[in-house]
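The numbers here are math on the coordinates, done by the rules we state, and not lab data. Keep in mind it's a predicted model, so treat the numbers as computed, not measured. Glycine also receives a Cβ, built like all others from the backbone with ideal geometry; neighbour counts cover every protein chain displayed.
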Amino acid sequence: GYQKLSEAKPPLCVAKDEDGMTFESTDLGRVMAKYCVAFKTMETMGEKLSAKTTMGELIECLSEAEEFQDFKPRQDQKKILEETNKKKDAIRYTIKKPVHTGGWTGARKVALLLQMAMSGGSIIEHR
């Protein structure tokens with residue numbers, strides 16, 4: 001919790017002054033508070049993202065966010081997800097499902113839906 005926040009190098013979301021008596025939120029901390037972004041999500045983004053991050057890598061990173069952990073695909077959605085994943089006009093980055101990984105995971109579903117939202121499309125119009 002707090003120990004992790006205040007000791008991050010560089011300060012992730014809480015900075016303290018030289019004497020260690022005054023704390024204030026960093027710009028990143030204010031963004032986290034405003035948009036309710038989990039600390040673990042920001043840590044992951046800090047580790048995985050850089051100025052050279054591609055759009056595909058950004059989508060993958062966002063889809064693995066802590067906020068989406070409970071966003072599992074239901075059985076009745078898997079066929080629709082699979083069909084949409086094959087449509088080049090629906091998504092730009094095909095979701096790869098390596099062998100022995102369980103097929104559609106929550107992160108893969110989120111990655112597909114993020115692409116659909118960014119493109120302004122919907123699954124219904126691509127069925």
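Listing for the model above:
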item	result
Count of Lys pairs (Cα-Cα under 12 Å; at least 8 positions apart or interchain) in the stretch 47-114	6
Peptides ranked, highest mean first, by Cβ atoms within 10 Å: ranges 49-57, 61-69	61-69, 49-57
Shape call, the stretch 33-89: gyration tensor on alpha carbons, a/c limit 1.5	oblate
